[in-house]
Amino acid sequence: MVMFVIIIVIGVANSAFMATSNAKNLELQQKKALDSVASVKAFADVYSVLMSPRCMNCHPAGDVPLQGDDSHPHAMSPKRGKDGRGIYAMKCGNCHQPENTPGLHMPPGNPKWALPPSDMKMVFEGKKPRELALQIMDYNRNGHLNKAQLIEHARDTLVKAAWNMGEGRKPPPLTYKEFVKAWDTWIEKGGYAPKQ
Ligand code: HEC
Ligand code: HEC
């Protein structure tokens, strides 16, 4: 009789536990689904900036940077080189100073002006949203950045440089503040990649 009662008590407690844990699971699943929708939505905004000439010109598919709002190949074809800073006499820093050089068609500047290195090219040019989202979230293809470092990267001076690139160069389609907000939302909600 005692056994019987214990079994019933365990049974009731157990099913009550199952019911709450099922509800919890469902809640978690629903939250995850909501997060992935919000994350993918934020990435659409992020992508519009990544593919704008101010970012893409330094993230080309080839080894020569791109120039201008039409992203044509860089005049005189400076090459990426192993560290991204150019080769021989065509070092980026010869022409690109720590600050923008004033005037139309003068080189924009930043102390770190370079392409990504040859062993980790971080190509944006030609990438579909899904491909690019997966690439940026991939530790082995993003310069070995973890989640916190990725969040931090939106605050990098090279990224900020896109909003101050000197005379005659259109800024990216979002303001810097809007970009950072979309970037953070995308990553904090899970860094999901869109379906295509
Ligand atoms: C011989 C000088 C020179 C060298 C070397 C040089 N650049 Fe440039 N770069 C320029 C000039 C000048 C412009 C501006 C051209 C214009 O606006 O018509 C420019 C523009 C650019 C732009 C375009 C910015 C934009 O958004 O439109 C990028 C990107 C760029 N350079 C990257 C590089 C990189 C990376 C290197 C090294 C691998 C490099 N450059 C080496 C002179 C140089
Ligand atoms: C002057 C060239 C230059 C410009 C302009 C530039 N980048 Fe980059 N970017 C780099 C270099 C070099 C690296 C790798 C070294 C580093 O992390 O600083 C990099 C790395 C990155 C990374 C991390 C690696 C990855 O997963 O791709 C992201 C994200 C990124 N850039 C985004 C941007 C965005 C967004 C813009 C425009 C708002 C931008 N970049 C403009 C040169 C540039």
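Which residue, of Lys160, Lys112, is part of a helix (DSSP H, G or I) and either farther than 23 Å from Ala193 by Cβ or near ligand 1 (Cβ under 10 Å from one of its atoms) (or both)?
Details: Lys112 fails: part of a helix (DSSP H, G or I).
Testing whether each residue is part of a helix (DSSP H, G or I) and either farther than 23 Å from Ala193 by Cβ or near ligand 1 (Cβ under 10 Å from one of its atoms) (or both) leaves just Lys160.
Within segment 102-127, the only residue that satisfies the criterion of being over 17 Å from His74 (Cα atoms), away from ligand 2 (no atom under 11 Å from the Cβ) and either surrounded by 12 or more Cβ atoms within 10 Å (Cβ to Cβ) or modelled with pLDDT under 95 (or both) is Ser118. Pairs meeting the criteria (first residue in segment 83-96 and within 15 Å of Asp119 (Cα to Cα) and part of a strand (DSSP E or B), second residue within 6 Å of ligand 1 (Cβ to nearest atom) and of a type in the set (Gly, Ala, Ser), beta carbons under 8 Å, at least 6 apart or on different chains) are Gly86/Ala114.
The residue that is nearest to ligand 1 (Cβ to nearest atom), counting only those in segment 34-55 that are hydrophobic (A, V, I, L, M, F, W, C) and within 12 Å of the chain's Cα centre (by Cα), is Cys55. Apart from one condition, Cys95 fits all of (1) near ligand 1 (Cβ under 7 Å from one of its atoms); (2) at pLDDT below 95; the exception is (2). Scanning segment 163-192 for residues that are in contact (Cβ under 8 Å) with a residue 40 or more places away in the chain, of a type in the set (Phe, Trp, Tyr) and either within 16 Å of ligand 1 (Cβ to nearest atom) or over 14 Å from Phe43 (Cβ atoms) (or both) turns up Trp163, Phe179.
The values are calculated or read from the model by the stated rules, or taken from the named source; none is laboratory data. Only a predicted model underlies this, so the values are computations on that prediction, with no experimental measurement involved. Every residue, glycine among them, receives a Cβ derived from its backbone with ideal geometry; neighbour counts consider all protein chains shown.
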